[in-house]
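The values are calculated or read from the model by the stated rules, or taken from the named source; none is laboratory data. The model shown is predicted, which means the values in this text are computed figures rather than measured ones. Cβ atoms come from the backbone with ideal geometry, glycine included; neighbour counts cover every protein chain shown. These area figures cover heavy atoms from the full protein model, side chains too; ligands, DNA and RNA do not enter into them. Shrake-Rupley method; radii C 1.70, N 1.55, O 1.52, S 1.80 Å.
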Amino acid sequence: MNKKSSEKTIDPRHGGASKTEDVLLEITLRPTRWDEYIGQKHIKDNVKILLKAAQERGHIPEHILFYGPPGLGKTTLAHLIAKETGRQMKITSGPAIEKVGDLASILTNLASGDILFIDEIHRLNKMVEEILYPAMESGVLDIIIGKGPSARTIQLDLPPFTLIAATTRVALISAPLRSRFSGGVFRLEFYSDEEISKIVERSSKLLETKLDAGALGEIAKRSRFTPRTANYFLKRVRDFAQVNRRDLDKKTVREALDMLAIDEIGLNSSDRKFLEILIEKFNGGPVGLKTMAAAMSEEEATVEEVIEPYLIQLGLLERTARGRVATKKAYEHLEFEFKGKQDKLL
């Protein structure tokens with residue numbers, strides 16, 4: 001496997017510049033100091049202590065695992081740790097490490113004190129995991145030479161390194177692998193509207209875009225408590241205002257997000273379609289996953305892992321033993337779309 005396709009190196013001293021506009025924009029909005037990283041205070045406090053203690057002892061930081069829904073800042077935390085320690089960070093992902101040789105190539109090319117960041121680590125295959133165990137725990141790489149009775153194992157000493165891993169599916173990581181993250185296993189929480197507003201305000205300044213308080217609040221409340229979504233909305237709102245020669249006020253933000261089919265609580269067209277089908281066709285439920293997926297012409301995994309979590313989080317949907325059930329709050333939220341049908345639905 002071509003190593004360049006599975007790994008890239010970020011030098012914190014040079015900002016990890018890329019030639020593509022999307023990557024440049026992402027790097028521009030990414031916090032570069034602890035005080036710029038808004039939210040997740042419990043994680044920041046713990047990581048700061050971990051890094052300071054390691055520095056005072058003259059050791060490298062211990063291995064760390066971050067988990068939680070996408071877009072909450074797991075990768076950003078890894079970049080901040082690299083910058084704080086002044087170390088190079090090499091980035092790869094679980095799906096990119098297909099064979100034992102891919103991991104061996106990455107580990108043997110690490111310099112002393114480097115940080116290895118593995119995104120989607122839950123997607124590592126078991127054979128690769130078994131090579132990673134001794135590398136994390138003892139700093140050695142076990143290589144098997146030959147096959148059958150003549151096979152033998154040799155050990156290569158690895159330079160000291162810190163593994164930082166991220167996952168959205170922590171339950172899929174084996175217990176032996178989780179136990180080797182001696183620096184800590186940290187869960188990222190969703191953000192409050194106030195925190196999202198501060199993030200959007202910072203991002204708007206970096207993009208040289210001026211938003212008033214009403215516009216900030218409008219983006220925040222539709223962002224699904226997720227910074228990545230908020231920054232995406234900010235960029236699209238900026239485009240809308242630029243093309244239409246408009247000021248970035250609350251009205252403009254509403255029009256731009258309405259064009260994206262994002263309603264006032266962050267539901268998109270797929271979310272609303274789910275609730276509409278559940279209420280109109282199935283009288284609010286209960287309905288099984290397979291039936292809902294078929295009714296929506298969606299994959300079951302998409303319904304269960306992409307659409308339903310946010311609806312449950314907002315209290316619009318319940319998963320019961322008998323199936324999915326729309327809550328009273330869901331009826332109230334969609335009332336304007338079912339005007340004249342309340343007797344049938346309620």
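Report whether or not residue 71 is small (Gly, Ala, Ser), at pLDDT 75 or above, open to solvent by less than 50 Å² (accessible area, probe 1.4 Å) and over 28 Å from residue 123 (Cα atoms). Criteria not met by residue 71.
Among the residues of the stretch 60-80, none qualifies, meaning not one is in a helix (DSSP H, G or I) and farther than 30 Å from residue 306 by Cβ.
Got a sec? Which strands (runs of 3 or more DSSP E) wholly within the stretch 94-195 have at least 2 residues that are in contact (Cβ under 8 Å) with a residue 24 or more places away in the chain and surrounded by 15 or more Cβ atoms within 10 Å (Cβ to Cβ)?
On the way: elements: 115-119, 140-145, 152-157, 162-167, 184-187.
Here the list reads 115-119, 140-145, 162-167, 184-187.
Contact map, the stretch 294-310: first residue in the same structural domain as residue 273 (by the TED database), second residue assigned to a helix (DSSP H, G or I) and open to solvent by 80 Å² or more (accessible area, probe 1.4 Å), Cβ cut-off under 7 Å, separation 6 or more or different chains; pairs are 296/273; 300/290.
Check whether at least one residue in the stretch 214-237 is over 26 Å from residue 314 (Cα atoms) and either touching a Leu at 6+ places or on another chain (Cβ under 9 Å) or surrounded by fewer than 17 Cβ atoms within 10 Å (Cβ to Cβ) (or both), and report yes or no. Checking the stretch 214-237: not a single residue is over 26 Å from residue 314 (Cα atoms) and either touching a Leu at 6+ places or on another chain (Cβ under 9 Å) or surrounded by fewer than 17 Cβ atoms within 10 Å (Cβ to Cβ) (or both).
Can you name every residue in the stretch 247-281 that is assigned to a loop (DSSP other than H, G, I, E, B) and either of a type in the set (A, V, I, L, M, F, W, C) or open to solvent by 80 Å² or more (accessible area, probe 1.4 Å) (or both)?
We begin by selecting, within the stretch 247-281, every residue assigned to a loop (DSSP other than H, G, I, E, B); these are 247-249, 260-268, 281.
Result: 247, 248, 260, 261, 262, 264, 265, 267, 281.
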